[in-house]
Each structure stands twice: as C-alpha cells, then as structure tokens.
C-alpha cells in the first residue's frame, strides 16, 4: 500500500466498483482484496472489507463501511479526454451503468462517486484566458456531457 492513498467509502460494493473502474480506464487495476476477520457493524466475518485499486494511475482503497456516509461532489475524479470518442466512452459507461448526468461535464456513477469527464480542449481554452476562455466557458455552461466540437468552435469565436 502506498504511503498516501485515497480511501473511498462504499456501502457494500467496493470490489464491484473497483472492477468497473479497472475495466473502464487505462492504467487501472484491482489489487488486494481484504476480508473482514470478524463481524463488524455493517458486515460479517469473511465479507469484503477493503479493496486496493488504481484508477487511471491514482491509488485508492475502497472501504465497505455501510450506509453511514454518502458521497457528494466535494470529491470527484477528473478524467482528461483527448477527443469526443473518449469523452463519450467514459461518460456513456458511467451514466449507462446506473449513474446519472449532471452539468458541465460532471456525472455520478451508481455508487455515488462524482466524475468530471473533461476534454483537454476545454482546459486549453481555460488556460488561454481572455475572450477565448469566456466563449468556451459560456458554451460549457449549456452542456451536460461536453461537446468537443462546440468547445473548439467557441475557442475560435
């Protein structure tokens, strides 16, 4: 286990979530699965307690802690995409697997984790600043899933 790892709380499906992420994103893998050595408040001896996994190069631990805590947008994974095909693939997999759309490139998976599926063209426009950034930002504000062609057109004016 790494010295610094993101720990994500799940009600009971940390392993399923880790396997979903590992199957979707490159540089992702499911590592060690830890089983509870005895009963605990939200589970039983032998249940999956923790799962080590990597999502797009970021090391994480999923903890099956029960229904006490819920995810919110204060934490999200931001995935940079290179084109519309990649944007669509991630967005459609997350939303189409029991997740939900939000605004401006944000969506949630079925476990409540927030994702920002962010085309690089949008971040490049924001980095450019000025009128180019304003046009791209204004275009983004009208979208759920980001439309790469519309952001590129907004950049050009």
*Please identify the pairs in which a residue from the range 49-72 that is without any contact (Cβ under 8 Å) to a residue 24 or more places away in the chain has its Cβ atom under 8 Å from the Cβ atom of a residue that is in a strand (DSSP E or B), counting only partners at least 6 apart or on another chain.*
49/34; 49/35; 49/40; 49/43; 49/63; 49/64
*For residues that are over 30 Å from residue 35 (Cβ atoms) and not in a helix (DSSP H, G or I), tally how many sit in the range 91-107.*
8
*Out of all the residues in the range 36-90, which are assigned to a strand (DSSP E or B) and more than 12 Å from residue 14 (Cβ to Cβ)?*
40, 54, 55, 58, 59, 76, 77, 78, 79, 80, 81
_Count of the range 17-28 residues which are surrounded by 15 or more Cβ atoms within 10 Å (Cβ to Cβ) and either assigned to a loop (DSSP other than H, G, I, E, B) or over 13 Å from the mean Cα position of the chain (by Cα) (or both)_ = 3
*Return a yes/no flag: does the range 118-140 have any residue that is in a loop (DSSP other than H, G, I, E, B) and in contact with a strand residue (DSSP E or B) (Cβ under 9 Å, 6 or more places away or on another chain).*
no
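Tally the residues that are part of a helix (DSSP H, G or I) and either without any contact (Cβ under 8 Å) to a residue 12 or more places away in the chain or buried (at least 16 other Cβ atoms within 10 Å of the Cβ) (or both), restricting the search to the range 141-152.
Qualifying residue count for the region: 4.
Only the coordinates and a few stated rules stand behind these numbers; no lab work does. Given the structure is predicted, the values throughout are model-derived calculations rather than measurements. When we count neighbours, we look across all protein chains shown, and the Cβ atoms used for this are built from the backbone with ideal geometry, even at glycine.
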